[in-house]
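Report on one structure; see the data block that follows.
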Amino acid sequence: MARPYRLLAVGVPLLLLALAACAPLKTLNALSPGGASECIEGVAYGEGPRRKLDVYRPRDLRGPAPVVVFFYGGNWVGGARDDYAFVGRALASRGIVAVIADYRLHPEVSYPDFLRDAAQAVAWAAREAARYGGDPKRLFVMGHSAGAYNAAMVALDPRWLGEQGMRPASLRGWIGLAGPYDFLPIENPTTKPVFHFPDTPTDSQPIHHVRAGAPPALLIAAAKDKLVEPARNTGQLAALLRAQQVPVQENYYDSVRHTTLVATIAAPLRWLAPTLDEVAAFVLKPPA
């Protein structure tokens, strides 16, 4: 009887991966339980259809909870907040109020307009989180891929939160999943017009904004990422932060790739990497 169970243990994960390969985000949302959370959809944090967000809060809130504002990837040309319901549900299941925010994309806008949107969404969370059971004094920003770049710039470059009357010190910490933090000269043809190549400003790169007193960071990457080189981006940024005495946790996972890293937050794929566990631990008990 042991052999069928072994086959099932192997076959179910493979089936999930096959489904995810066909329609990854919709599949993950469909297979991710939402019973532990409730969602408030389509809340405007600014003008226009791309400046809206969804709030996921735990159903059994017993006091103000930490707040995470999440930005998805998509090379600044694609993505939608409702595709990442699995992130909101997962964070809420760990006692966190999650804010999944849209932001304007190219060609409607280019650098740095989407950073202004990101900062505006974070400022909304600082003002309004208490209405949804969140604690604005425990505010984090998080992102994957291009969204991790947005999170890094909001957390490190004071210009963007400064326009909202805030400072990076207003954040309790930030989380980057497979983020591009040093990508000049730009090689990806899709990214070039987003950042005005060949006239891309040097200060568009997060590595140039590392300074003492920056918020603590959790940086996670796929060890074999072929899209965003982990040593140059995650490793270099972590080293620069440590040199400035900024608390930083740095993790690399062998069993994931660039796109599947964020997918491991969803219940069906958590066996691939402990991404959700690491994020929840960092948010619930961040370093001093």
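Divide by every residue of the chain the summed helix terms, -39500 (n - 2.57) for each DSSP H run of at least 4, and state the resulting mean residue ellipticity at 222 nm, rounded to the nearest 500 deg cm²/dmol.
Details: 10 runs with 98 residues, N = 288.
When only DSSP H runs of four or more count, the value is -10000 deg cm²/dmol.
Count Lys and Arg as plus one, Asp and Glu as minus one, and take only other residues whose Cβ is under 15 Å from that of L218; the net charge is then +2. On the beta carbon distance between V77 and T202, with R0 = 30 Å, the FRET formula returns roughly 0.85. Each Lys and Arg Cβ is given +1 and each Asp and Glu Cβ -1; about its Cα centre, region 36-284 then shows a dipole of about 560 debye. Were the residues from V43 through K26 laid out at 0.36 nm apart, the gain over their Cα-Cα distance would be 4.0 nm.
Measuring nothing but how far apart in sequence close Cα pairs (under 8 Å, 6+ apart) lie, relative to its length, the chain scores a relative contact order of 17 percent.
Separation of region 179-254 and region 83-142, taken as the distance between their Cα centroids, equals 20 angstrom.
Pairs spanning more than 28 Å between alpha-carbon atoms, out of K137/K192; K192/K226; K26/K226: K137/K192. Count the DSSP beta bridges whose two residues both fall in the chain, then state the antiparallel fraction as a percent rounded to the nearest 5. Expressed as a percentage, antiparallel bridges in the chain total about 30. Between R127 and A231, the modelled label-to-label distance comes to 4.6 nm, taking each label 7 Å out from Cα in the direction of the beta carbon. Using 0.36 nm per residue and subtracting the Cα-Cα separation, the extra length available between R242 and R211 on full extension is 10.2 nm.
Classify region 36-284 from the C-alpha gyration tensor, please: rounded if a/c falls under 1.5, else prolate or oblate depending on whether a/b exceeds b/c. List each step's numbers first, then the result.
On the way: a/c = 1.36, a/b = 1.21, b/c = 1.13.
Since a/c stays below 1.5, the shape of region 36-284 is classed as rounded.
No value in this document is a laboratory result; all are computed from the given coordinates. What you see is a predicted model; the values in this text were computed from it and never measured. Every residue, glycine as well, gets a Cβ built from its backbone with ideal geometry; the counts of neighbours run over all protein chains shown.
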